[in-house]
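What follows is one structure encoded as structure tokens, with my remarks underneath.
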Amino acid sequence: MIEPAKTPYHHGDLPTALLFSARSMLEQDGVAALKLRAITRHAGVSATAAAPHFGNLTGLLSALAAIGFTELAEVMAPEHAVQPRDVALAYVRFAIANPGLFTLMFRSDAIDRQDPGLRAASGRAFACLAGLAQATPGADRAAMMVGLWGKVHGVATLAIDGMLSGLIPADSPQTIDAFLEQVFR
């Protein structure tokens, strides 16, 4: 998680302050609220202050998406997700805990997929995600991964869009975690 700057911008940590502001706004108001002027205003700096660090809004959002992929890779890392099922659960739980960031990470219209930092971070996350296909010996691993990734990404998207609530009755003792445990047996 990005931490806000401890002192005003003038201490020299403007990139962190801008990323913190963007993430705060993203989780509160969604991707549509992310405009460069709004982010710089939220950070308490001039509208042009982000340009030397990120170039433009796409650059800033690409850096934020890279942070998201880094965090996703961390929760799916082998020391946290031992079994393929653990990787799937970590992926969905990350999406539920970070709905705005998760949405941004897959928005090709908002980020630059060719950004080197984003490519490296997403590559680490996808390497962890590849663990889903490891449990099926002899299968075409690429095809298997796409199928399993489609399943976990679909469930994650349904969860953050509130579409699973109708499948888990309000009076049910089953929580979303228990539901996910059943989905990814």
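The values are calculated or read from the model by the stated rules, or taken from the named source; none is laboratory data. Because the structure is predicted, anything quoted here is derived from the model rather than measured. Don't worry about glycine lacking a Cβ; one is built from the backbone with ideal geometry, like all the others, and counts go over all protein chains shown.
When Ile111 is tested against (1) modelled with pLDDT of 95 or more; (2) in contact with a helix residue (DSSP H, G or I) (Cβ under 6 Å, 6 or more places away or on another chain); (3) assigned to a helix (DSSP H, G or I); (4) of a type outside the set (Phe, Trp, Tyr), exactly one condition is not met: (3). Filtering the stretch 88-132 to residues that are among the charged types (D, E, K, R) and crowded, with 16+ Cβ neighbours inside 10 Å leaves Arg93, Asp112, Asp115, Arg124.
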